[in-house]
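Novice: What follows is a single structure, and I will ask about it in a moment.
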């Protein structure tokens, strides 16, 4: 009878040990929530752009619906100023995917490779008009 009790106790301890290990796994081993459009904007675009002021790139807070190259406080490439592009979901998608292909000889040499990230950044920009 004691052998059976010992086996049950051992199995119970092993089960509790397993639960303790799994419960305390590092959080990095668990799925992380998908980044938001704001997070992506901050990570991908925030080094050169802000919503409410010019930096190395022009302010983007009112970019959706704006004509490319039209912020008077920023010095754009001639190619972008002459492009006549109106920034909307389609043009921003093309721009973020490959700026040089959309407007050759522009000054932006950065692109966002992943389509889902471009989509979320564009949605974020659309929801952030000028302040």
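None of the figures in this text is laboratory data; all of them are computed from the coordinates on show. Predicted model, so just to flag it, every value in this text is computed and none were measured. Positions of Cβ are backbone-derived with ideal geometry, glycine not excepted, and every protein chain shown enters the neighbour counts.
Novice: Ranked from highest to lowest mean number of other Cβ atoms within 10 Å per residue, what is the order of the peptides 40-48, 83-91?
Specialist: 40-48, 83-91
Novice: Here's a follow-up. Expressed in whole Å with the largest first, what are the equivalent ellipsoid semi-axes of region 35-126 derived from the C-alpha gyration tensor as the square root of 5 times each eigenvalue? It would help to have the intermediate numbers written out before the result.
Specialist: On the way: eigenvalues 71, 44, 29 Å².
Here the semi-axes work out to 19, 15, 12 Å.
Novice: Okay, moving on. Which whole-number percentage describes the relative contact order of region 35-126, with Cα contacts under 8 Å and a sequence gap of 6 or more?
Specialist: 29
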